[in-house]
Amino acid sequence: MIPDTKSSVVKLALAFLTAVLLTHSPSKAAPTQAQLDALSREVNATLEASDTVGFTAVITDEETIIWSVEHGFLDPARAHRVTLDTPFRIGSITKAITAIAIFQLVEDGLVSLDDPISKHIDASLYTNAWSGTHPITIAHLLEHTTGWDDLHFVEYLDYPADTTLEEGLAINPASRVSRWPAGTIASYSNAGPSVAGRLIEKVTGMPYGAYVESRILSKLELKNSGFDLALGERLTSFQNPDTPFPFTNIWTDAAGGLAMSARDLTRVTNTFMKGGKPLISTASVARMETPSTSLMAQKGVPSGFGAGLETRNREGHLYHVHSGAIDGYNSEFGYLPTAGLGYVLLTNTADTDTYREVRKALRALIEREAGPVEPRVIQSLPNLAGVEGAYRAASTRNGTFFLLDMLLGAERVSVEDGTLTLTSYLFGETTVLKPLGDGLFTEDEGLTANRLLVGEPGEYILMTTEGDALEQTSKVQALAPITLFALTVGAGVVALLVILGALVVRIFRSFALKAFVRFWIWPALAGLSFVAFTVVLIRALNDPIVNMQSLGKLSVLSGALWVTSFGLPLFALAGVWMVGRARSASTLARGSVSLLLAAQLGFAALLASQGWIGFTSWSANIEPYSIGDKLASLLVAPEGRESVCFDSK
């Protein structure tokens, strides 16, 4: 079990109480008109210089909009200007609305956040290898701590408008497999809120959309918000100023189906800032803001995923936010209790640079009202025996591409000058972690904790508030993926160079070129086929939103990935067969080619273990990760076992 449980509970209770108090903190002094005018000039200049087609932004206090900007158009013909009442698709912000609905059911006495979800929904909808000791609860659905993967490509297809949550969840239950015990690592997933939406339907007997319309949207008098497909079809989003996105209907309304205007989203923001009235209680808002179920939350770390809202650290300022992105739309609302101010951003263009630049300007003004942040005290580094060594990626949001994290995420951990230093084996970049005590570390001068170390020598796990985790391993295991990758490509290059050299030599003297090329061609073809697979993969991932519809079904793009994924192992195996037959070849030649093929087959085995041989992007499945059993064993450690977290004593 996690040691010092009482201390963890006290820290969590204090964090919750602080959230309640801040929710009711008195209003701060408003920014001056001169400050707001300067912000208008900065934001308008940014928007005018950008490719953004339509954009709205708001700054609000608890009651009213105190600043806003309306920029551009909502249609390709540039006939209709964007206003504060123009609805935009808000994507994942819908999850905050789903959480409000859950808390209404909690306050009505119909459910508890601690209820196992098996109490309310069919257990066939998900798989949890640790259900006996760590059942998935409603709180886990909202805080992204189920251990589930994110939705797979097939679940993002353009489904008919009348597709229900029940039908959508039946598309691919294999994406809802707990990769580690629930309540340990927070990893963002659209699956949890989708199941929460179905749970609302089961408990209330109402369709999810009808419940939200009657109990939330109508109660707030939101006139330009809803799930109606017609509302979405009269909107347009853009890849760039000249290229509109096709409208895509998603089945999971509970995770991202709403459209909402800036004025309406501001009302939602005001509702949170005022303590939930008239939708939910102040205590429920505080619980939505407060991360509680992950290991980091149990250690009192204030930032991370709460039960419907994310508490996000920006240089020590703790905002409560939710953002969304869907088919070119980008959206976000947030509020900073210490400033008494909030903001709303909506855009219909996939120009994230401009979106971030405007957000930065808004936050800078809000943070001036909040004042400086007092950093936490950096403590002396505890005696962490055996913490140094190699670490590899152990978690990821989307398991389909976990191999990429394995290739790029190998780190060396060392103790230097009273800190933990992480150095990327591949890129050489370093991250310095300063100890805050109780296993917590910071990389931002003590403004807030954002790393947690758990485990024991040889099995340490280092995790972040964003859901990333590194597990301690041997240097060989950490470097094996990238080494095999380099050897595979290198083997192909060497084989090609040998063949080219032979062609040059053949110009000057006669020898059995055909037999020579036939011998060396296989590692060359294996390497080239893997390069082809990599090129197709990069093409697919270069713009995943645009390619989502192609990757979720059998198409030219997904079919090319499937076909090219077989090339490496098939050509390498053909080469092994050829080497076995070429007994007349010299020992040096046979040995050289055998080494090249061995490296390529080793990497092919790694690809196969991750489902990348015969890669079907439209039906990828997920299995529990190795980190899962490690975390489970830590959580149920026998009496007397060494502490899994450390105090600086």
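A few comments on the model shown:
- Pairing residues of the range 114-135 that are free of Cβ contacts under 8 Å to residues at least 60 places away in the same chain with residues that are small (Gly, Ala, Ser) and outside any loop (DSSP other than H, G, I, E, B), at Cβ distances under 6 Å and at least 6 apart in sequence or on separate chains, gives no pairs at all.
- The range 291-302: number of residues that are modelled with pLDDT of 90 or more and farther than 20 Å from Leu141 by Cβ: 0
- In summary, Leu279 fulfils each of the numbered conditions (1) closer than 21 Å to Ile138 by Cα; (2) surrounded by 24 or more Cβ atoms within 10 Å (Cβ to Cβ) with the single exception of condition (2).
- Residues being of a type outside the set (Gly, Ala, Ser) and surrounded by fewer than 18 Cβ atoms within 10 Å (Cβ to Cβ) - total across the range 74-108: 9
Results for (1) more than 30 Å from Ala526 (Cα to Cα); (2) open to solvent by less than 10 Å² (accessible area, probe 1.4 Å); (3) of a type outside the set (Ser, Thr, Tyr), shown as yes or no for each residue.
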| position | (1), (2), (3) |
| --- | --- |
| Asn398 | no, no, yes |
| Leu404 | no, no, yes |
| Asp417 | yes, no, yes |
| Leu436 | yes, yes, yes |
| Asn450 | yes, no, yes |
| Pro457 | yes, no, yes |
| Ile461 | yes, yes, yes |
| Leu479 | no, no, yes |
| Val489 | no, no, yes |
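- Some residue of the range 480-491 being in a strand (DSSP E or B) and in contact with a Leu (Cβ under 6 Å, 6 or more places away or on another chain): no
- Residue satisfying all of: in the range 233-258; small (Gly, Ala, Ser) and in a loop (DSSP other than H, G, I, E, B); modelled with the highest pLDDT among these: Gly257
- Some residue of the range 535-556 being under 16 Å from Val494 (Cβ atoms) and of a type in the set (S, T, N, Q): no
- The set of residues from the range 143-167 being within 16 Å of the chain's Cα centre (by Cα) and part of a loop (DSSP other than H, G, I, E, B) comprises His144, Thr145, Thr146, Gly147, Trp148, Asp149, Asp150, Leu151, His152.
- Residue match in the range 384-395 (condition: within 24 Å of Val476 (Cβ to Cβ), in contact with a Ser or Thr (Cβ under 8 Å, 6 or more places away or on another chain) and of a type in the set (Asp, Glu)): yes
Yes/no matrix, rows are residues, columns are (1) assigned to a helix (DSSP H, G or I); (2) in contact (Cβ under 8 Å) with a residue 24 or more places away in the chain; (3) crowded, with 16+ Cβ neighbours inside 10 Å:
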site	(1), (2), (3)
Arg518	yes, yes, no
Trp522	yes, yes, yes
Thr534	yes, no, no
Ala540	yes, yes, yes
Ala560	yes, yes, yes
Pro569	yes, yes, yes
Gly575	yes, yes, yes
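- Residue satisfying all of: in the range 168-202; in a helix (DSSP H, G or I), open to solvent by less than 20 Å² (accessible area, probe 1.4 Å) and of a type in the set (Gly, Ala, Ser); farthest from Asp149 (Cα to Cα) among these: Gly197
- When Glu166 is tested against (1) more than 25 Å from Leu295 (Cα to Cα); (2) touching a residue at least 60 places away in the same chain (Cβ under 8 Å), only condition (2) is not met.
- Qualifying residue in the range 239-262 (condition: touching a Leu at 6+ places or on another chain (Cβ under 9 Å), within 30 Å of Tyr159 (Cα to Cα), open to solvent by less than 10 Å² (accessible area, probe 1.4 Å) and without any contact (Cβ under 8 Å) to a residue 40 or more places away in the chain): no
- Pairs where the first residue, in the range 465-479, is closer than 19 Å to Thr311 by Cβ and the second is small (Gly, Ala, Ser) and open to solvent by less than 30 Å² (accessible area, probe 1.4 Å), C-beta under 6 Å, 6+ apart: Thr465/Ser303; Thr465/Gly304; Gly467/Ala186; Gly467/Ser187
- For Ser303, the conditions (1) closer than 30 Å to Leu634 by Cβ; (2) in contact with a helix residue (DSSP H, G or I) (Cβ under 7 Å, 6 or more places away or on another chain); (3) among the polar types (S, T, N, Q) are fulfilled apart from (2).
- In the range 36-55, the residues that are open to solvent by 30 Å² or more (accessible area, probe 1.4 Å), closer than 16 Å to Trp67 by Cα and touching a helix residue (DSSP H, G or I) at 6+ places or on another chain (Cβ under 9 Å): Ala38, Glu42
- Only one of the numbered conditions (1) surrounded by 24 or more Cβ atoms within 10 Å (Cβ to Cβ); (2) over 17 Å from the mean Cα position of the chain (by Cα); (3) hydrophobic (A, V, I, L, M, F, W, C) is violated by Leu309, and that is (2).
- Members of the range 521-547 found to be at pLDDT 75 or above, of a type in the set (A, V, I, L, M, F, W, C) and touching a Gly at 6+ places or on another chain (Cβ under 9 Å), listed by number: Ile521, Trp522, Ala524, Leu525, Ala526, Leu528, Phe530, Val531, Ala532, Phe533
- Just one of the listed residues (Leu157, Leu142) is hydrophobic (A, V, I, L, M, F, W, C) and either farther than 20 Å from Asp327 by Cβ or crowded, with 23+ Cβ neighbours inside 10 Å (or both), and it is Leu142.
- Yes/no for Arg89 being under 24 Å from Thr243 (Cα atoms), without any contact (Cβ under 8 Å) to a residue 60 or more places away in the chain and basic (Lys, Arg): no
- Filtered residues of the range 203-219 (kept if hydrophobic (A, V, I, L, M, F, W, C) and open to solvent by 20 Å² or more (accessible area, probe 1.4 Å)): Val203, Met206, Ala210
- Filtering the range 72-84 to residues that are within 21 Å of Ala350 (Cβ to Cβ) and touching a Ser or Thr at 6+ places or on another chain (Cβ under 7 Å) leaves Gly72, Leu74, Asp75, Pro76, Val82.
- The criterion of at least 2 residues that are within 17 Å of Thr465 (Cβ to Cβ) is met by the following strands (runs of 3 or more DSSP E) wholly inside the range 403-442: 419-424, 430-437, 440-442.
- Residue within the range 109-118 that is assigned to a loop (DSSP other than H, G, I, E, B), in contact with a strand residue (DSSP E or B) (Cβ under 7 Å, 6 or more places away or on another chain) and open to solvent by 40 Å² or more (accessible area, probe 1.4 Å) present: yes
- Pairing each residue of the range 381-395 that is at positive phi with any residue that is surrounded by 22 or more Cβ atoms within 10 Å (Cβ to Cβ) and in a loop (DSSP other than H, G, I, E, B), provided the two are 6+ apart or on different chains, yields C-beta distances under 8 Å for Gly386/Tyr460.
The values are calculated or read from the model by the stated rules, or taken from the named source; none is laboratory data. Model, not experiment: these values are computed from the prediction. Heads up, the Cβs are rebuilt from the backbone with ideal geometry, glycines too, and the neighbour counts pull from every protein chain shown. Just so you know, the surface numbers come from the protein's heavy atoms only, side chains and all, with ligands and any DNA or RNA stripped out. Shrake-Rupley method; radii C 1.70, N 1.55, O 1.52, S 1.80 Å.
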